[in-house]
Structures are given as structure tokens and as C-alpha cells.
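So the structure is just underneath, and the comments pick up after that.
The values are calculated or read from the model by the stated rules, or taken from the named source; none is laboratory data. Bear in mind that the values here come from a model prediction, so they are computed numbers and not experimental data. With ideal geometry, Cβ positions are generated from the backbone for all residues, glycine too; neighbour counts draw on all protein chains shown.
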Amino acid sequence: MHAEQGQIAHPNGYVLDYLVSTPGELSSPYLHVFFHGMSRIKSQNPPVFSARKDAVGSLGSICLFFSDPIHRHTADSACGWFLLGEDHFMPAVYRLSEELLAQHGLKGVVWHGPSSGGYAAIKYCASSPWDDLAFVVSPHDDPTILRQWREEAAPFQELPGMGSPASTSSMMEKWTTAEHGRTLYAIISENDRYYALHHLRPILEAAAGHDSVRAAVLRNGLGHGFVAEADYNSQLGKAVEHWESRRGLARCPLPASVQEGARFPGRLPQ
């Protein structure tokens, strides 16, 4: 497996760290993009990537990991919902994803994330130009109702380029009314009751039973954000199967540059 690490710079000085992981043998037709959840930043040095990065070999996929820009900006926040510098970073993430799709002849993007990373994964999937899959663990609905928001994000809310903490449920109306193959598949552990009631339930209620949004409760005895690798991979397989069935009914074409096989130049656009 080969790993290439780099950064995207924001005009206001923020930095989005990334890691591209390429398997020795590519067997998956998807690009998997990972956003991490809350990080104990005082015990780590940025960049902070998803804990799943050490277990992605079984995917046989090109994997793209991002570290929340808040970690480079301040040591006083372990959770930023990937909002800092969103105005610049979101289009840059899509450009990089498009280049990786083209370089490796891939046919879709799967956005991953637990907790606050799940919030980011859904937001990026919702705004993506493609029919993507958001595969998330215990995703946040409204970040502002959480203690972590008041302590770790609100102090930085007025920084230039800070994104709006729109609730995930507010994104569901557009998600479920447009004709597309975009799909959300959430999993949650059985002892994660607070996030099931106050975050996942509002998302599902806003989706109103639409076939593009599904959720599964894992009877695993675990709490918030914890999912065994075997359960994760098994549920991911189910999510991809459902996603592909929906994409077959309503496919959003890839951009022309992807169809034409544009090459990834080995660096990020600034």
C-alpha cells in the first residue's frame, strides 16, 4: 500500500491536511473518503486522520482521508465538524475527488464518517455533483445542541470562512425531492441512545421514509461511535448494494473531465 500526504491552503491561512492511500492491488470501483470524528488532539499531533485508515486494506480501494482544519488552527478544539474554511475547502475536495476518479477509472464516491465526521460526510455527499453514498456512524444532526459545540466550535464561529452549522435534517428536503441516486446509510450501536434519539431520529423523520435514506441498529453492546470492523464492512456492503440499485434507476453523469480520463497531477489545487 502506498500513501501520499499533502495539504490544501486556505486564503485565510487555514490548512486542510489530506492522505491518499492506494492499495497494492485495486479491486474496488469506488473512491472512499473519510472524515474523522472528535479527536483527543492534546494527545496527538496534527494531522489527525480517521482511525479506519489502518483497516482499509480489505477494501481494495483508493482511500482519501482528511484532518479537520480546526486542529491546525487551535489546540483548544478537538471537534470542528470540518466547517473551518469550508468555503474554499469544499470545492477543493471535490476537485481532488474528481481527479482521483479519473486517474483510476472509478465510478463513484463513498463518504465515511463517525459522529461529527458523519455530519461532514453527509454534508459533502448532499452537495456533491455526483450520485454518491454517505455511509456514516452515529451522525450528528444539529451540532449546536451539543456541549462540544459550545466549548469547541462556538468560540471560533466568527472566523472568516467558517461554515454554517446547518442541521442534517434540514438537508433532507432537497435530498428526498430531487431525482437522483444519492444515498444515505447510517449505522448506530445499540447503546448509543442519546444520538439515536436526538440526532439520528430527526434525520430519519425529515427523510419521511424516502428510499434514499436507511439506517441500521447494531446489536453489539457498544456505545457512541464504536463499531467492530466486521460489522462495519458487512453494513458497508449492504449500503453499497442499495446505493447501486438506486443509481441504476437515476444516474447523475460524471463530469466530462472524469469521463475523458483526466490525470491526477500528484498535488492539490490551491
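Things worth noting here:
- Residues in the stretch 190-216 that are assigned to a strand (DSSP E or B) and within 16 Å of ALA178 (Cβ to Cβ): VAL213 alone.
- Among residues of the stretch 162-174, those that are touching a Pro at 6+ places or on another chain (Cβ under 8 Å) and touching a residue at least 40 places away in the same chain (Cβ under 8 Å), counted: 2
- Test result for VAL56, modelled with pLDDT under 95, hydrophobic (A, V, I, L, M, F, W, C) and out of contact with any Gly (no Cβ under 8 Å at 6 or more places or on another chain): yes
- SER169 closer than 16 Å to VAL136 by Cα, surrounded by 14 or more Cβ atoms within 10 Å (Cβ to Cβ) and touching a Ser or Thr at 6+ places or on another chain (Cβ under 9 Å): no
- Evaluation of THR144 against (1) of a type outside the set (Phe, Trp, Tyr); (2) without any contact (Cβ under 8 Å) to a residue 60 or more places away in the chain; (3) in contact with a Gly (Cβ under 8 Å, 6 or more places away or on another chain) (one fails), failing number: (3)
- Listed by position, the helices (runs of 4 or more DSSP H) enclosed by the stretch 24-132 that each have at least 3 residues that are over 11 Å from the mean Cα position of the chain (by Cα) and not aliphatic (A, V, I, L, M) are 70-73, 86-104.
- The residues of the stretch 219-262 that are part of a helix (DSSP H, G or I) and at pLDDT below 85, listed by number, are ALA256, SER257, VAL258, GLN259.
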